[in-house]
């Protein structure tokens, strides 16, 4: 296992402290531990990750598969972002009880609200299983053969791995498939909403301030984990009790100052730090611009509709936020790549790489970059159109998303049929028997659940406006929206009627629907042409990328390498630090409540400040949550390397205490997913003291404050 030794070398080599990197918590001993301590940490590697004793990792959870949360009390109290809990807050909201607008605070355990299909997952242990997973794999195998063997090895490993009956395992690839780790996990399904500030605090600044500093958003919400009487995972039950964690995070009241150590612990989603220049160029100059245009058009329609009435605002609040988030992110990503001259720097690096491989022992790598050039040239038309397809038919338009689900349903039903010869000779009764099997019933139940989900917050007029705005960007010659007037799928009651009856009748009815007639050719093209060609070329790119990753480590062994994010538990460390986004401009690392009041625009849905918060500010009624300058800190900046999935991650000080809640990055640094640059890449965190201030002084939920452990580490 020469490769494994090479990878471990990069985890243990002792170098000077750097900013950036998403490190595996089970492998922090050595270089990372020393590096963190040089930045001001007092923590050992065992304090952060330990299987045999409680450690910081036991307070960190994957929140519903897309965000991070942390346990902040001995009674399973969870802290995450407002935008991470937004869907749950919205699901409990109505015009009569608008928790999005007014906030929600359970003043007792009995008032905490259960949430369907919400779970949080703890990591119990992490094991290197590279040898087992790659057993029998060789470079001369095709991508399909490699994937098949890896899957076979992985399945066998997971079946034989010892764990408790209520635990699960998952195996994830690192370093582009050169290394594999197995995670033992424990998931809890009874998660209840405890508290959330009004959107005027939790979403303050909304789209205008998204990805921007100075930021003044109290982006937090609170939930609680419930377990059975044995403190184990259980489905929702009134008999369940608050979970007792192995560890929870104390909260520091001493705050931060520039230069302080910060560690962000969470589940970053996806990064691609080792892409070649040609890939970054394609993403930022071809894919992103077209997607930006589509979302810009969709947002213009939705934003206008949300201003018309409260019902529409509530219906589209979560969807609008989701669409706007990456629209703005892509814009900042493109600007950051250009500002940092990232593509040119990557080409310079690739020149260095090519010079290094000119040595005889590395000549096997000499075609890697030319292979990339050819593959990405072939890839471009499929990559652009496929990405645009998802923007039109899945992410931004709900009727088209329904058609996409119906097409999948129809294909599933087709697979349940007999083969052609058997079908010709089968009787009508036999065909009915085949079509209306348990498999058909399950397929229908699934598509009904998807349509019901889409229709829950659906406005056909708004959706039609979105279609008319974005479809011309995909096919200007065929974007007539008349089918909205006759389709059964703009109304849930009518849609469910179409899905009644035998499979033959249902499929016939679907194909007679005007919206399906419009969308089916596009979706068929996706499945028959776009997706197969995209996946074929992408598999070849992945194979070359794996070889490239391995080659980098062999050819340039003195460079630093950390694995790309893949939604697994990671540690990233840095310092509180401001930055200069452009000439003659410098952002201080901390924003204050003063800035919230300065931005106040009465009645504005983005910048309206609640009257009670204005009153607290006027009276300087800050309790114990003011900084040494007598002001309440709201947000602060750090050099931590974060991405999507780190939303809700705790910002932890050098003593292991919570000092903030990660929720965003600065606009100029969103390119860190492909090119982390310590000069402009910054993550944005809500100051823990602002969270406590809102919970205590604004919401009056002092029982939650009493439940937490508040500490003064700097006064020891």
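Table for the structure above
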{"item": "Given (1) assigned by TED's automatic domain parsing to the domain that holds residue 79; (2) in contact with a helix residue (DSSP H, G or I) (Cβ under 6 Å, 6 or more places away or on another chain); (3) surrounded by fewer than 19 Cβ atoms within 10 Å (Cβ to Cβ), number of the condition residue 553 does not satisfy", "result": "(1)"}
{"item": "Qualifying residue in the stretch 242-252 (condition: surrounded by 23 or more Cβ atoms within 10 Å (Cβ to Cβ) and over 17 Å from residue 659 (Cβ atoms))", "result": "yes"}
{"item": "Subset of the stretch 644-655 (residues that are part of a loop (DSSP other than H, G, I, E, B) and buried (at least 24 other Cβ atoms within 10 Å of the Cβ))", "result": "645, 646, 647, 648, 649, 653"}
{"item": "Conditions (1) within 30 Å of residue 326 (Cβ to Cβ); (2) assigned to a loop (DSSP other than H, G, I, E, B); (3) in contact with a helix residue (DSSP H, G or I) (Cβ under 6 Å, 6 or more places away or on another chain); (4) in the same structural domain as residue 255 (by TED's automatic domain parsing); number of the one not met by residue 660", "result": "(2)"}
{"item": "Residue ranges of strands (runs of 3 or more DSSP E) in the stretch 177-287 with at least 2 members over 24 Å from residue 652 (Cα atoms)", "result": "179-188, 190-196, 221-227"}
{"item": "Filtered residue count, the stretch 612-629, keeping only those that are in contact with a helix residue (DSSP H, G or I) (Cβ under 7 Å, 6 or more places away or on another chain), under 19 Å from residue 590 (Cα atoms) and assigned to a loop (DSSP other than H, G, I, E, B)", "result": "2"}
{"item": "Any helices (runs of 4 or more DSSP H) falling wholly within the stretch 342-442 and containing at least 3 residues that are under 30 Å from residue 514 (Cα atoms) and modelled with pLDDT of 95 or more", "result": "368-390, 398-415"}
{"item": "Residue tally, condition part of a helix (DSSP H, G or I), closer than 20 Å to residue 688 by Cβ and in contact with a helix residue (DSSP H, G or I) (Cβ under 9 Å, 6 or more places away or on another chain), over the stretch 566-608", "result": "3"}
{"item": "Every residue from the stretch 46-57 that is part of a helix (DSSP H, G or I) and surrounded by 20 or more Cβ atoms within 10 Å (Cβ to Cβ)", "result": "48, 56, 57"}
{"item": "Condition broken by residue 495, with the remaining ones in (1) within 30 Å of the chain's Cα centre (by Cα); (2) in a helix (DSSP H, G or I); (3) crowded, with 18+ Cβ neighbours inside 10 Å satisfied", "result": "(1)"}
{"item": "Residues (over 12 Å from residue 410 (Cα atoms), in contact with a helix residue (DSSP H, G or I) (Cβ under 8 Å, 6 or more places away or on another chain) and assigned to a helix (DSSP H, G or I)) located in the stretch 511-520", "result": "514, 515, 517, 518, 519"}
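Per-residue answers, yes or no, for (1) more than 30 Å from residue 31 (Cα to Cα); (2) in contact with a helix residue (DSSP H, G or I) (Cβ under 8 Å, 6 or more places away or on another chain); (3) not in a helix (DSSP H, G or I):
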| site | (1), (2), (3) |
| --- | --- |
| 483 | yes, yes, no |
| 501 | yes, yes, yes |
| 509 | yes, yes, no |
| 522 | yes, yes, no |
| 526 | yes, yes, no |
| 534 | yes, yes, no |
| 546 | no, yes, no |
| 558 | no, no, yes |
| 561 | no, yes, yes |
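Listed here are the residues, each with its yes/no results for (1) in the same structural domain as residue 387 (by TED's automatic domain parsing); (2) under 30 Å from residue 65 (Cα atoms).
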position	(1), (2)
474	yes, no
480	yes, no
529	yes, no
560	no, yes
575	no, yes
579	no, no
584	no, no
587	no, no
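The values are calculated or read from the model by the stated rules, or taken from the named source; none is laboratory data. If you're wondering where the values come from, they're calculated on a predicted model, not measured in any experiment. Glycine also receives a Cβ, built like all others from the backbone with ideal geometry; neighbour counts cover every protein chain displayed.
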